[in-house]
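Scroll down for the structure; my scribbles are underneath it.
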Amino acid sequence: MEKIYEKVKFHPIFRGLEQEEAMELLTLCQLRNYEKLNIIFHADKQREGLLLLLSGIAEVYVASANTSHREEVLEVVQAGEMIGFSSLADFLGVSKEGQTVEKIVEVRAIESVEALYVPFSVIAKRWGNQDLHDYLLAQVSVRLKDVYVSLAEQVRLARQFGESEAMVVRVQDLMSSPAISVTSKDTIKTVAEKMMNHRTSSVLVTDQDILTGIITEQDLISRVIANPKVDSNDTASEILTASPVTISRFAYYYDALSKLILNGVKHLPVVDEQKVVGVITLSDLLRKKNESMVKAIHRIELAEEESLPEIKQAIYGMVATLIHGKVPILHTLDVVTTLYDRLVRRCIEQAISNLKKQGLQTTHSFCFFQMGSSGRKEQFLLTDQDHFLVFEDGGNDSYFTSLSHEIVRLLGLAGYARCKGDMMASNPLWRGSVSQWQNRIHNWTLQSTNQNLLLAQNFFSYRFMYGNIELYEKFENTLKEELARGKIFYYRLTELERENQIPILEHPIRAIFRLERKQVDMKKEVLFPFHHSLQILSLLNGILSGTPVERIEKLVEKKILSEDFAKDIKLAFSGIMTVYVKQRWHQHERQEPITSTLQFSHLTSREKEELMLSLKTLRELQTVVFSYF
């Protein structure tokens, strides 16, 4: 009991009491232990007291009567805090007479919890103490404010975005079943008849219940009607698309949406243990929710110069749906990046077309690359233009100068601001032949000044966007040859990172709020150092490009990172990006200045703990890089 006394003697319930008097009250309390996921307070059971957490973390949530619905976590409670305030009305005698026990919130442990159960009889004995009154009033007021804010936000989102569950429903709830199918030996005429009779835009091709392929209306048009060599009596095997992309019946809405967009298809066979159980289409998903997606795609594909400015808002509508639908952030960025990539490619195609109308053409191939957040597939708000262009040796620089300026102009119309540092293909320093680029990289590695290092850091976030694949491969091989001689270059990059180590928050969160830093710049202090460290480790091991997740996976393949550590890094990166993206997106929605500075006071208790773990993990990656030198 004395150990418990030492833990609680400064709490308002016991503060100011002589040890003997406090010990007497403690004999009326109970020490309780809960394992992870144990229910601490049930929703339909009357509380007879309050619970003071001595160690561990618990969460207060609203349980759904329908097990298919999500629970809503209202609050995370840590050591030193109390729960059970919802029953204070009974203690104070202000509950309605004859009222039955109502279902309220539940509380469960999210890690092992040690707690002191304080019956209301103990509270009654201390009720004359003003400090206890003030403490309970403050606690109840804070909880009431949090609940009102939470409810208001949920109502607002429900009104704005419709069904809150749309993004987390399963494919099996939306698919068409059974799927209309034919065999590979059926005639094309039979395929067309089945489509017409069942009013469907696709049929699956199955042989002995095994999926062989898929045939869509577009296949009939392009491979039959437009091809005089194909006869209606030919077999389905002649025109099917083999090995189509499939999805599990237990996958989520956003999984299906992502697969359709990332693979550029409109029909997904649904499988369960290799057996076809249905089919889901883009139309099925859009009937459920989110016409903004298809509108965005159509606007991009059909965009002319006059309509380019409209596309930005169409894509932003998609971003809002994914973020408010609580789709995992890396999945969200994949989907949104696909739309932005379509937009960039459309601008490039339009630029080539515009020059052709002016009589300007070239027979030399070229490649266009994105850098920065777009290169890393982290763009959700349109940022500055950040790109470069490579053309084959012997190419006419005057043509590619005109092309680069036209691309910059069209991207500007689409909503991309010009890069303040002029890191764009329209700048001769960010445009050139393979040989010219080879000389630039050679100069960066040979003369590793801070300026050249900064240029290299931005450059090596590149991602191939448009152009000739063979030229792209030649360009990368040239880079590898130059980097093989860059030991000093790697050393200088690493030294630069030693000066920008990711902060780690070793102290308990409460101490941080009182004594230590109150905020962190997520972009400059966390994401940039993380990206640069991962970049160095990748370059050292022959990995020149790729998103952070792709780089991590390649490093695992090369046995540079263990699978467990890689998993931790990806989890930490995802956590950091979730906080970063949500903050900046909400600032955008509220029309506030966009900032990457994160105030710790804006985070929930759980988010603070997760932030600490994420920063520590990313710092460990930096340590791995430093160990090379």
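No lab work stands behind these numbers, since they all come straight from the coordinates. On a predicted model such as this, the values are computed, not experimentally measured, just so you know. Reconstructed Cβ throughout: ideal geometry from the backbone, glycine too, with neighbour counts over all protein chains shown.
Summary table
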| item | result |
| --- | --- |
| FRET efficiency, 1/(1 + (r/R0)^6) with R0 22 Å, evaluated for E473 and L429 via beta carbons | 0.40 |
| For region 293-485, Kirkwood radius (reciprocal of mean inverse C-alpha pair distance, Å) | 17.5 Å |
| Computed [θ] at 222 nm, helices only, for the chain once each DSSP H run of length n ≥ 4 contributes -39500 (n - 2.57) | -15000 deg cm²/dmol |
| Cα gyration tensor of region 167-269 - equivalent ellipsoid semi-axes, whole Å, descending | 26, 14, 12 |
| Counting DSSP beta bridges with both ends in the chain, the antiparallel % (nearest 5) | 85 percent |
| Spatially near lysine pairs across region 293-485, Cα under 23 Å, sequence gap of 8 or more or different chains | 9 |
| Helical segments meeting 27 Å axial Cα length and Kyte-Doolittle -0.5 threshold in the chain (DSSP H) | 130-161, 329-357, 605-626 |
| Neighbour-count order for S177, S627, fewest beta carbons within 10 angstrom listed first | S627, S177 |
| Rounded D (µm²/s) - region 369-479, Kirkwood Rh over Cα pairs, Stokes-Einstein at 4 °C, 1.567 mPa s | 90 µm²/s |
| Student exercise, the chain dipole from Lys, Arg, Asp, Glu Cβ charges, in Debye to nearest 20 | 880 debye |
| DSSP-assigned coil residues among trypsin sites (Lys or Arg not before Pro) in region 354-429, each with at most 15 further Cβ atoms within 10 Å | R418, K420 |
| Over region 498-626, volume per residue of the alpha carbon convex hull, in Å³ | 115 Å³ |
| Antiparallel %, DSSP beta bridges [both residues in region 293-485], to 5 | 70 percent |
| Surface/4 estimate of mean projected area, convex hull on alpha-carbon atoms of the chain, nm² | 36.5 nm² |
| Gain on full stretching of the segment that runs from K185 to E499 - 0.36 nm per residue minus C-alpha separation | 106.3 nm |
